[in-house]
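This report refers to the structure that appears directly beneath it.
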Amino acid sequence: MRSAPNIIITGTPGVGKTTHSEILAERTGLRHLSVNQVVKDKECHEGWSDEYQSWIVDEDKLLDVIEDDVKAGGCIIDWHACDLFPRSWIDLVVVLRVDSKTLYDRLEARNYAESKLQENLDSEIMEVLLQEAREAFDEEIVVELTSNDSEEMESNIDRIESWIKQWKTDHAD
Ligand code: DAT
């Protein structure tokens, strides 16, 4: 039994996962669990992929490393994948979405190589992460929110914060 919910914030790189997670953690007291950081710090990987310009994640090791933390509850899991997490661990899955132009500008500002940028744009247009979330979890816990500007982000944060309060009330016993 958890005293606070576990939330996944997912989406294509650049949609705003980290920004949302950090603000939410600050406002709610939940912990920001940046999977990128854990993979790096705890070496949950099988080396670096030059092709993808990212770590090749050892999912079993990652799950082992975060299991106790996540089972205790109150984690905001920030990552661009969600289907590896056991369903029983997760209470809400937020899939952030952005318009192509906005995503292009954000990834360009990160100096992504053109091929990687295009791959991520395609993934966003094809709703890859949204489909993954809908296939991996019950539809009623999957929420799609847009994150094109700060107004939308503010509204998303308010909404998730209210949801957390309600979850805590509902699970007070
Ligand atoms: P992610 O963690 O999904 O890769 P991020 O949080 O690092 O994304 O955000 C990428 C960049 O976009 C960063 O400079 C902050 C900015 N950003 C994210 N969400 C935004 C929003 N809703 N409005 C304006 N800027 C946003």
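What the table below lists for this structure:
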{"quantity": "Solvent exposure of the chain as accessible area per residue, Å², 1.4 Å probe", "calculated": "55"}
{"quantity": "Unit charges on C-beta of K, R, D, E only; dipole of the chain, Debye", "calculated": "500"}
{"quantity": "Summed side-chain charge close to Ile76 - residues other than Ile76 whose Cβ falls under 12 Å, Lys, Arg +1, Asp, Glu -1", "calculated": "-3"}
{"quantity": "Unit charges at the beta carbon, dipole of region 7-157: most positive-side option, Phe137, Ala109, Ile56", "calculated": "Ala109"}
{"quantity": "Whole-Å semi-axes of the chain's equivalent ellipsoid (Cα gyration tensor)", "calculated": "25, 20, 14"}
{"quantity": "Helix 150-170 axis, angle to the chain major axis (alpha carbon atoms, nearest 10°)", "calculated": "30"}
{"quantity": "Environment charge at Leu121 (Cβ cut-off 15 Å; Lys +1, Arg +1, Asp -1, Glu -1)", "calculated": "-3"}
{"quantity": "Convex hull volume of region 1-93 per residue (C-alpha atoms, cubic angstrom)", "calculated": "94"}
{"quantity": "Environment charge of Thr146, counting only residues whose C-beta is closer than 15 Å and scoring Lys/Arg +1, Asp/Glu -1", "calculated": "-4"}
{"quantity": "Angle in degrees between helix 17-28 and the longest Cα principal axis of the chain, rounded to the nearest 10", "calculated": "20"}
{"quantity": "Violating pairs (Cα-Cα greater than 31 angstrom) within the set Lys42/Lys101; Lys61/Lys101; Lys116/Lys168; Lys61/Lys116", "calculated": "Lys42/Lys101; Lys61/Lys101; Lys116/Lys168"}
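The values are calculated or read from the model by the stated rules, or taken from the named source; none is laboratory data. In this text, all values refer to a predicted model and were calculated from it rather than measured experimentally. Quick reminder, even Gly has a Cβ in these numbers, built from the backbone with ideal geometry, and neighbours come from all protein chains shown. To get the accessible areas, we keep the full protein, side chains included, count just its heavy atoms, and leave off ligands, DNA and RNA. Shrake-Rupley method; radii C 1.70, N 1.55, O 1.52, S 1.80 Å.
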